[in-house]
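Note sheet for the following structure.
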Amino acid sequence: MKEILWNEKAREFVRALDEKTRLEIGSLLMLVQSGHRLGEPQSKPIKIIHPNAYELRVKDRKGYYRVIYVLCMIDVILIPHAFTKKTQKTPKKEIEISIKRLKEQLK
């Protein structure tokens, strides 16, 4: 099972979501931890952040959520960012935050 290393702000964001949404995110991340490659609609590559970056895609009655995760080491998954998605395209600001936090995690 791969270890997940969270950016603290991303973890706080997910913890603030309702229980059903947190459970869905947790279930999908457990699949990734155990080596499954998720496809659409649950996950989609987002290579502008990193060649091995993906966005976990979760929807509930309140909105759409994204959890950015990066498979950059054999036994580790990095989660630099999580946010509410309000537009069709991932906002540039969210991509920039993801890149900045990922660089910090890779140090």
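The values are calculated or read from the model by the stated rules, or taken from the named source; none is laboratory data. Here the structure is a predicted model, which means the values were calculated and not measured. Using ideal geometry, Cβ is built from the backbone for each residue, glycine included, and neighbour counts are taken over all protein chains shown. Heads up: the accessible areas ignore ligands, DNA and RNA and are worked out on the full protein's heavy atoms, side chains in. Shrake-Rupley method; radii C 1.70, N 1.55, O 1.52, S 1.80 Å.
Annotations
- Taking the conditions (1) farther than 14 Å from I68 by Cβ; (2) open to solvent by 40 Å² or more (accessible area, probe 1.4 Å) in turn, G26 satisfies each one other than (2).
- Only one of the numbered conditions (1) modelled with pLDDT of 95 or more; (2) of a type outside the set (D, E); (3) under 22 Å from K2 (Cβ atoms) is not met by I48, and that is (3).
- For the residues E94, E12, the requirement of being touching a Phe, Trp or Tyr at 6+ places or on another chain (Cβ under 7 Å), at pLDDT 95 or above and charged (D, E, K, R) singles out E94.
- Considering only residues in segment 23-61 that are over 12 Å from the mean Cα position of the chain (by Cα) and among the basic types (K, R), the one that is nearest to H81 (Cα to Cα) turns out to be K47.
Every residue, every condition in (1) in contact (Cβ under 8 Å) with a residue 24 or more places away in the chain; (2) open to solvent by 50 Å² or more (accessible area, probe 1.4 Å); (3) β-branched (V, I, T), yes or no:
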| position | (1), (2), (3) |
| --- | --- |
| E12 | no, yes, no |
| A16 | no, yes, no |
| V32 | yes, no, yes |
| P41 | no, yes, no |
| K44 | no, yes, no |
| I48 | yes, yes, yes |
| N52 | no, yes, no |
| K59 | no, yes, no |
| I68 | yes, no, yes |
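- Segment 70-100, residues that are in contact (Cβ under 8 Å) with a residue 60 or more places away in the chain, surrounded by 20 or more Cβ atoms within 10 Å (Cβ to Cβ) and closer than 14 Å to L5 by Cβ: L78, I79, P80, H81, A82
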